[in-house]
Amino acid sequence: MKREDINKQFIWRLADIYATDAAWEADFAQLQKGVSDFASREGTLGTALGLLATLRESSRLDLLCERLFVYARMKRDEDAAVDRYVGLADRAGQLATRLSAATSFMEPEILSVPREELLAWAALPEFADFRFGLSNLDRQRAYCLSKGEERLLAMAQEPLGGADNIFSMLNDADLTFGTVLDENGEEVELTHGSYGRLLVCPDRRVRREAYESLYAAYHKVKNSVTAMYDAAVKRDVFSAHARGFAGALEQALYGGNVPVAVYEQLIEAVRQRLPALQKYLDLRKRVLGLDALHPYDLYTPMLPALDLPYDYEQAKALVKEALAPLGEEYGRLLDEAYQNGWIDVYENEGKRSGAYSWGAYGTHPYVLLNYQGKLEDVFTLAHELGHAMHSYFSDANQPFETAGYKIMVAEVASTVNESLLLSHLLDKETDKDRRAYLLNRFLEEFRTTCFRQTLFAEFELATHRMAESGQPLTLESLKSLYRELNETYYPGVVIDENIVIEWMRIPHFYRAFYVYQYATGLCAAVAIARSIREDNGKGRYLHFLTTGGSDYPIELLKGVGVDLTAKDSILAALDVFAACVDELDALL
């Protein structure tokens, strides 16, 4: 379907960011001038007035840059075949890099102000919007470099990201995976997108052939990808050591003030509850009637899908009904999202695949969907609206400087919505088979989001520690490490020569120490959703949505009753997984 053939009520209204491309160009020119002029502010941050003026101008330019980039990228996502918006997105990205370099002098110059004086300025009323940022910057004094060194590192970010860019080009553009005959005997081109669909196919031959064909391509480039990942890890280690951190993990967690113990305790807690995962895998093997469970058997549904169709109107109503425990204002905002150009609903030629929520401060958030009318699409709608509402409430209650929330809490609101939707469906479901299907869906989400991402987190930690201690990251050492982790997490699953190079196809590994937050976010969301339903936790949660990035993620989550510094918080969520495994076992 072409985009112009879709009813406008199902298309997002990006004119709420820029009414015309000419308005975008005007702001682009304004940002260009601001970037060029910003150098004149260097050396003026030694007084309260100079600092305040420069902080305000920096925020103005950052907001301009955000609006320009968000609009251009979202226009490109509507249809990647439109060269104009591909060009706009590229121009916005390049200007963002220039802005980063132009403002790089600020942190070292601010930190040249004596600590007592800086904190006294930050306490003044006119610095209220910048207070948390200045306090956080002061915390990082030991790891900030000189002006020249900071500028050099800022300029080096693009070449230092070379391994990521090379991997993206190889993985997304150059690698081809051949074709596979589907369950109907029709030839299907194997791509990253079709692989996921083929891996859930009930026909085991299809799953196996897709799995083997995909990994055959990675085996052919195994040495090149090993070199790319080695370069990415060494980049992380270089960056950490350049700033004086003990290691790459310490640097990655420091920005969000996350104790290293949170990362380590997640791994410890998940390992303690591996018996529950093993029970679930044994159940999967039994229900599927397999003599042996292979990696390509882990994603196919154990039970027939609930293929009841949900048109978009039904999906909207069901999501609103499920989220009713969040109150009237939340429901009113859902109606606003449904009716007033927040959501781009249907697939069209050239449109970006998948789903996301995004936006720019000062305008409402947006949601991109590729709605197909399945139950999974209903869950996707609930998920992305969770992100959108988090952004709406944060923007409405925080200044630009503290509205943006960290990744650690970013997945909480979306997963709370999914949990509330699942609970709502289970409350109404009396059919044994359908109830079992819903439980299996939750368990699969938990397995892939918590257990699998924690395995990834262990891999990342081990590879970076190896590099930091001078151990080479070779093809064989990485394969051996990944084999050992899979044998620990998936006993009873056949660990073959394909799965031990799975790390080669994970883009997140080029953004180190990111994926563990999917696991902590899911565990936090499970606890929050339960409190909303069982002990009137709505008020604390709605307040949490307003806090944006006004404090560190660990502290914000404590405010809603989740303490990630205590391993018990993770164990409690994992016990919910174990209880659902037991219930599913009993149903089957």
Please enumerate, by chain and number, the aspartates and glutamates with C-alpha under 17 Å from the C-alpha of Lys538, excluding those fewer than 8 residues away in the same chain. Glu321, Glu328, Glu329, Glu418
Need the list of lysines near Lys220 for cross-linking: C-alpha distance under 21 angstrom, and skip anything on the same chain fewer than eight residues off. Lys479
One would report the antiparallel percent of DSSP beta bridges in the chain, rounded to the nearest 5, as 65
Ignoring ligands, DNA and RNA, please state the percent of accessible area on the chain from carbon and sulfur, probe 1.4 Å. 50
Give me the distance in nm between label points sitting 7 Å out from Cα along the Cα-to-Cβ direction at Glu186 and Gln30, one decimal. 5.1
Determine how large the accessible area of Thr474 is when every protein chain is in place; take a 1.4 Å probe and give Å² rounded to the nearest 10. 60
Ignoring everything but the protein chains, give the 1.4 Å probe accessible area of His543 in square angstrom, nearest 10. 120
Counting other Cβ atoms within 10 Å, which trypsin sites (Lys or Arg not before Pro) in the range 275-312 have at most 12 and lie in a DSSP loop? none
Unsatisfied cross-links (Cα-Cα over 31 Å) in the set Lys316/Lys567; Lys2/Lys316; Lys2/Lys33: Lys316/Lys567; Lys2/Lys33
Checking the range 404-490 for GluC sites (Glu not before Pro) in a loop per DSSP with at most 16 other beta-carbon atoms within 10 Å yields Glu429
Lys and Arg at +1, Asp and Glu at -1: neighbours of Arg207 with Cβ under 14 Å from its Cβ sum to -2
Once fully extended, how much extra length lies between Thr47 and Lys2, figured as 0.36 nm per residue of separation less the alpha-carbon to alpha-carbon distance? 10.5 nm
Those GluC sites (Glu not before Pro) in the range 99-206 that DSSP places in a loop and that have at most 14 other beta carbons within 10 Å: Glu183, Glu186
Separation of alpha-carbon centers, the range 427-477 and the range 265-295, rounded to whole Å: 11
Per residue accessible area in Å² of the range 453-519, where ligands, DNA and RNA are left out and the probe is 1.4 Å: 34
Report, by chain and number, residues whose modeled amide H sits under 5 Å from the one on Leu293, excluding near sequence neighbours (fewer than 5 apart, same chain). Val494
Not counting ligands, DNA or RNA, and with a 1.4 Å probe, what is Asp16's accessible surface area in Å² rounded to the nearest 10? 50
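The values are calculated or read from the model by the stated rules, or taken from the named source; none is laboratory data. Bear in mind that the values here come from a model prediction, so they are computed numbers and not experimental data. With ideal geometry, Cβ positions are generated from the backbone for all residues, glycine too; neighbour counts draw on all protein chains shown. Heavy atoms of the whole protein, side chains included, go into the accessibility calculation; ligands, DNA and RNA do not. Shrake-Rupley method; radii C 1.70, N 1.55, O 1.52, S 1.80 Å.
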